[in-house]
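The values are calculated or read from the model by the stated rules, or taken from the named source; none is laboratory data. Worth saying up front: this structure is predicted, and the values here are computed from it rather than measured. All Cβ positions, glycine included, derive from the backbone under ideal geometry; neighbour counts span all protein chains shown. Protein only, heavy atoms only, side chains kept; ligands, DNA and RNA dropped before computing areas. Shrake-Rupley method; radii C 1.70, N 1.55, O 1.52, S 1.80 Å.
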Amino acid sequence: MGISLPFENKVNKYVTDDLAFQFHYFFTRKFWMVYHCQALVVAPGGVGTMDELFEVLTLKQTGKVQKDLPVVLLGETYWRTIINWQALVDHGVVAAKDYSDLFFTDSAEDAFRFLTQKLQ
C-alpha cells in the first residue's frame, strides 16, 4: 500500500503488481489498511510508521476496531527504546493492558506463532 510522495515513486519491490495499491491521501491509505485488518505487524520505521501504528492503537483503545486485534512489533530493542511505553502507562495516558497486549519480538517464527494463536 503505497502513498504518492515526491521522494518515493513506487511501492516496496517485494509487493506483487496485483497487490500494489497506490494512494494519494494518507487518510485513504490508513482507512484501507485497517478496514480489513485482522492483525498488524510493524517493522522499525520513522514518523509515518509510528503515525500508522498509533492510529491503529487509538482505534483499538476507542473500540473502533476489534479491541483484541493482535499487534506485533518486530525489532524488540528498537520499539522498546524508541518509545518509552512504560512511561506512558506510568503517566496514566495508556492502560497497562494496552501495553501488555503488544507483542515485541525479533523472530518471524515467534510472530507467526503469536498471530496464529490469536487468530484461531
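Going by the conditions given, is residue 22 over 19 Å from residue 102 (Cβ atoms) and either modelled with pLDDT of 85 or more or open to solvent by less than 100 Å² (accessible area, probe 1.4 Å) (or both)?
Values: over 19 Å from residue 102 (Cβ atoms): yes; either modelled with pLDDT of 85 or more or open to solvent by less than 100 Å² (accessible area, probe 1.4 Å) (or both): yes.
Taking the combined requirement at face value, the residue satisfies it.
List pairs: first residue in the stretch 43-60 and farther than 16 Å from residue 95 by Cα and in contact (Cβ under 8 Å) with a residue 24 or more places away in the chain, second residue open to solvent by less than 40 Å² (accessible area, probe 1.4 Å) and in a loop (DSSP other than H, G, I, E, B) anywhere in the structure, Cβ distance under 9 angstrom, at least six positions apart or on different chains.
43/75; 44/75; 50/83
Listed residues 115, 74, 102, 69; which is under 16 Å from the mean Cα position of the chain (by Cα) and in contact (Cβ under 8 Å) with a residue 40 or more places away in the chain? Steps first, answer last, please.
On the way: 74 fails: in contact (Cβ under 8 Å) with a residue 40 or more places away in the chain; 102 fails: in contact (Cβ under 8 Å) with a residue 40 or more places away in the chain; 69 fails: in contact (Cβ under 8 Å) with a residue 40 or more places away in the chain.
Result of the check over 115, 74, 102, 69: 115.
Can you list residue pairs whose Cβ atoms sit under 6 Å apart, with the first residue in the stretch 21-36 being within 16 Å of residue 66 (Cβ to Cβ) and of a type in the set (A, V, I, L, M) and the second being modelled with pLDDT under 75 and part of a loop (DSSP other than H, G, I, E, B)? Count only pairs 6 or more apart in sequence or on different chains.
33/1
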